[in-house]
There are 2 protein chains.
Amino acid sequence: MAVRTDGRRRVDTRREILDAAVEVMAERGVAGLSLSEVARRVGIKQPSLYKHFASLHAVYDEVFREGAERQLEVVAQAVRGSTPGLPAMAAAVEAMGRLAMANPVVAQLLSWRPVPDFTPSEEAFRPSVEMVGVVRTTLRDAVAAGELDPAADSDEGVALFSIVVAGALTQQLANEPNATYEDGRFSSLLPSAYAMFVQYFAPKAGESCTRPERDRL
Amino acid sequence: MAVRTDGRRRVDTRREILDAAVEVMAERGVAGLSLSEVARRVGIKQPSLYKHFASLHAVYDEVFREGAERQLEVVAQAVRGSTPGLPAMAAAVEAMGRLAMANPVVAQLLSWRPVPDFTPSEEAFRPSVEMVGVVRTTLRDAVAAGELDPAADSDEGVALFSIVVAGALTQQLANEPNATYEDGRFSSLLPSAYAMFVQYFAPKAGESCTRPERDRL
DNA sequence: GTCTATACATTGATAGAC
DNA sequence: GTCTATCAATGTATAGAC
């Protein structure tokens, strides 16, 4: 199970618990996490878990927090490594997509509410809030660069961006959770989905290309 | 609980069970359905449920089947009652959105996979398959009417349509499941989300309005 | 088609020894 | 920080009387 270096039982039991938790969720569904099963896999007795986490929800909360933090890191890094504006947005979309497909369980925990009683704590949720800010800033950059219409820099712009990205990813996770980013029927359309967003908010350069009223159904 | 007309205990116990099941799912989460709790609410003992349904999964399956059938009906009716092509599509989108917000639990069961072990039977899934056909036909009508580019009449077109619609609805269900169709932060953007799709597949009438390469990210 | 009784499994959590 | 022992719930499902 783990390397024992000295008298202490294992190097980092807490880490092992969290990894086992994700493993169990992958097999039984996100809502199917069980501390008994986790303990079995880590090789300790179930009551011992309570020395590391106060409750089942505390485990969920930490998986959520780490997942949200990782997502923020990955996106922020993608943005930093690209030209501000549309290139940064495109890089962020791809980064989110690859991360979600590599960690389907965590992605489901973050974007749905699959566990009846569990609501993430404020602290666990913080990185997600911060990521909305990153997206908003990137949208603003794209507007400043003349790549998007000013209307994109708004709550509505952020919401539509999230609809498109989360839409592709959750459809993928619900229908073919084990596909790869490249081969998934929906995840492979993520670039196209993103292109829909970009085109929708294309700058009206001198009105040469008319765009229909946005709120007309 | 129910009207008793004669010696028989109730008019339709099966119906009451299904209704109670949805109620329980609404309170405990879709994965939190329990036959014991359902029995309690219907006013019978838990073993009696097995005279009506073979197992817990059988209850899930029937809720799924009825939900899928209702969705198909509602969409088909919206399409029939509108001019073929874009008007029919717009009507379908609105119908799907209103139905989902009126029945959030069923919508979650249909569009996510929230229950660890449960997979809908082929029969329960049939209406959903049929609905893909309805969407495809409507896309074809829109292309024939010159309202959409021929590229929209494809598997990719159907997938992108579903990404946009399911994206808006699942974001809404995950974040504000109790909002109304009109007031939800995401569901209220459904028309805009749909407009993104329409604009993306706008016919290139004589190339007067250029559209970027679709698969370029 | 409803009931009682019961088998059987699983779980989250606590107390207290070491 | 790990263990044993235990509690108290909850759950699905079956057998068999009426």
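I'm checking my understanding of the structure. Among residues of segment A:98-145 that are among the β-branched types (Val, Ile, Thr) and exposed (fewer than 15 other Cβ atoms within 10 Å of the Cβ), which one is modelled with the lowest pLDDT? Don't jump to the end; show me each part of the working.
Residues of segment A:98-145 among the β-branched types (Val, Ile, Thr): A:105-106, A:115, A:119, A:129, A:132, A:134-135, A:137-138, A:143.
Next, only the ones that are exposed (fewer than 15 other Cβ atoms within 10 Å of the Cβ) stay: A:119, A:129, A:132, A:137.
Values: A:Thr119: 94, A:Val129: 97, A:Val132: 97, A:Thr137: 98.
Here the residue is A:Thr119.
Of the numbered criteria (1) more than 23 Å from A:Val30 (Cα to Cα); (2) crowded, with 19+ Cβ neighbours inside 10 Å; (3) not assigned by TED's automatic domain parsing to the domain that holds B:Thr13, the one B:Leu49 fails is (3). For segment A:23-34, enumerate the residues that are within 8 Å of DNA strand C (Cβ to nearest atom) and surrounded by 19 or more Cβ atoms within 10 Å (Cβ to Cβ). Result: A:Leu33, single match.
If you check A:Pro84, A:Pro150, A:Pro127, A:Pro114 for being in contact with a Pro (Cβ under 9 Å, 6 or more places away or on another chain) and away from chain B (no Cβ under 12 Å), only one passes: A:Pro150. Go through the residues of segment B:41-57 one by one and say whether even a single one is among the aromatic types (Phe, Trp, Tyr) and within 16 Å of DNA strand C (Cβ to nearest atom). Among the residues of segment B:41-57, at least one is among the aromatic types (Phe, Trp, Tyr) and within 16 Å of DNA strand C (Cβ to nearest atom), which makes the answer yes. Quick check: anything in segment A:102-113 out of contact with any helix residue (DSSP H, G or I) (no Cβ under 6 Å at 6 or more places or on another chain) and away from DNA strand C (no atom under 16 Å from the Cβ)? Yes, the conditions are met somewhere in segment A:102-113.
Taken over segment A:75-93, the criterion of being part of a helix (DSSP H, G or I) and buried (at least 17 other Cβ atoms within 10 Å of the Cβ) is satisfied by A:Val75, A:Ala78, A:Val79, A:Leu86, A:Pro87, A:Ala88, A:Met89, A:Ala90, A:Ala91, A:Ala92, A:Val93.
The values are calculated or read from the model by the stated rules, or taken from the named source; none is laboratory data. None of these values were measured; they are calculated from a predicted model. Please note: Cβ atoms are built from the backbone with ideal geometry, for glycine as well, and neighbour counts cover all protein chains shown.
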